[in-house]
Amino acid sequence: QLGYDINYETGKGARIEKGKQSIGDYALFFNLIFHPVEMLTLQPGARWSYNTAYRAPVSPVLNIKLQPIPQIIMRTSYARGFRAPDLKELYFEFIDINHNIIGNPDLIAETSHNINFNFQYAETFKGKHYFKIQPSYFFNDIKNNIFLVITDFLTNTAKNINI
């Protein structure tokens, strides 16, 4: 599977810093499926991105499925993630009687490492499941996570920051 992804965002108005802003994200990606042996499926892939405001890393992914017998399926995956802030998070100011939200042009893009593992054991009787156990595990390591937080309780001012 080959593909591309194009996201272009533009904002114009009095509530946007400097009156007008834009940001673009352009990417190419691929996924391949291999069956080196009947019980094993490997699915590697990658995404190459260009962001007009942030340096985007290559984002690899690997999915593995092992089914040694029909009743047992084991899956594991790894992916690297990247998310650049959007225009609202960077430049939007929304101030009225109930809101005081300020954009933050100093935000850093989020990056992550994501790992999943799933084990399934199922017994069937006449084509219907009568017993199934499926424990799973995931781990997400996110750096520079973007959150909207209140930065001044007296004025109820909120701002996007990296955590």
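The values are calculated or read from the model by the stated rules, or taken from the named source; none is laboratory data. The structure presented is a predicted model; accordingly, all values stated were derived computationally and were not measured. Because the Cβ atoms are built from the backbone with ideal geometry, glycine has one as well, and the counts that use them run over all protein chains shown. Side chains included, ligands, DNA and RNA excluded: accessible areas come from the protein's heavy atoms. Shrake-Rupley method; radii C 1.70, N 1.55, O 1.52, S 1.80 Å.
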Residue among Ala79, Ala14, Ala46, Ala53 that alone is open to solvent by less than 70 Å² (accessible area, probe 1.4 Å) and more than 30 Å from Gln134 (Cβ to Cβ): Ala53
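Can you spot a residue in the range 106-129 that is among the acidic types (Asp, Glu) and surrounded by 15 or more Cβ atoms within 10 Å (Cβ to Cβ)? Let's see the steps before the verdict.
Taking the range 106-129 as the starting set, the residues that turn out to be among the acidic types (Asp, Glu) are 106, 110, 123.
Now drop any that are not surrounded by 15 or more Cβ atoms within 10 Å (Cβ to Cβ), which leaves 110.
Yes, the range 106-129 contains at least one residue that is among the acidic types (Asp, Glu) and surrounded by 15 or more Cβ atoms within 10 Å (Cβ to Cβ).
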Residue among Gly19, Gly24 that is closer than 22 Å to Ala109 by Cβ and either of a type outside the set (Asp, Glu) or out of contact with any Pro (no Cβ under 7 Å at 6 or more places or on another chain) (or both): Gly24
Tabulated pairs, the range 1-12, first of a type in the set (Phe, Trp, Tyr), second in a strand (DSSP E or B) and open to solvent by 80 Å² or more (accessible area, probe 1.4 Å), C-beta under 9 angstrom, 6+ apart or interchain: Tyr4/Tyr26; Tyr4/Leu28; Tyr8/Tyr26
Lone qualifier among Thr124, Thr155 - being at pLDDT below 90 and assigned to a strand (DSSP E or B): Thr124
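So, in the range 1-11, how many residues would count as being loosely packed, with under 11 Cβ neighbours inside 10 Å and more than 18 Å from the chain's Cα centre (by Cα)? Break it down stepwise before answering.
If we filter the range 1-11 for residues that are loosely packed, with under 11 Cβ neighbours inside 10 Å, which is where we start, we get 1-4, 6, 8.
Subset that is more than 18 Å from the chain's Cα centre (by Cα): 1-2.
The total comes to 2.
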Strands (runs of 3 or more DSSP E) completely within the range 15-77 that count 1 or more residues being within 30 Å of Glu89 (Cα to Cα) and not charged (D, E, K, R): 20-31, 40-51, 59-69
Ile73 more than 26 Å from Asn140 (Cα to Cα) and either open to solvent by less than 40 Å² (accessible area, probe 1.4 Å) or of a type in the set (Val, Ile, Thr) (or both): no
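Criterion first (assigned to a loop (DSSP other than H, G, I, E, B), without any contact (Cβ under 8 Å) to a residue 12 or more places away in the chain, among the polar types (S, T, N, Q) and closer than 30 Å to Ala14 by Cβ) does Asn104 satisfy it? Walk me through it before giving the result.
On the way: assigned to a loop (DSSP other than H, G, I, E, B): yes; without any contact (Cβ under 8 Å) to a residue 12 or more places away in the chain: no; among the polar types (S, T, N, Q): yes; closer than 30 Å to Ala14 by Cβ: yes.
Considered against the rule, which asks whether it is assigned to a loop (DSSP other than H, G, I, E, B), without any contact (Cβ under 8 Å) to a residue 12 or more places away in the chain, among the polar types (S, T, N, Q) and closer than 30 Å to Ala14 by Cβ, Asn104 comes out as no.
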Selection from the range 17-29 of residues that are loosely packed, with under 13 Cβ neighbours inside 10 Å and not small (Gly, Ala, Ser): Lys18, Lys20
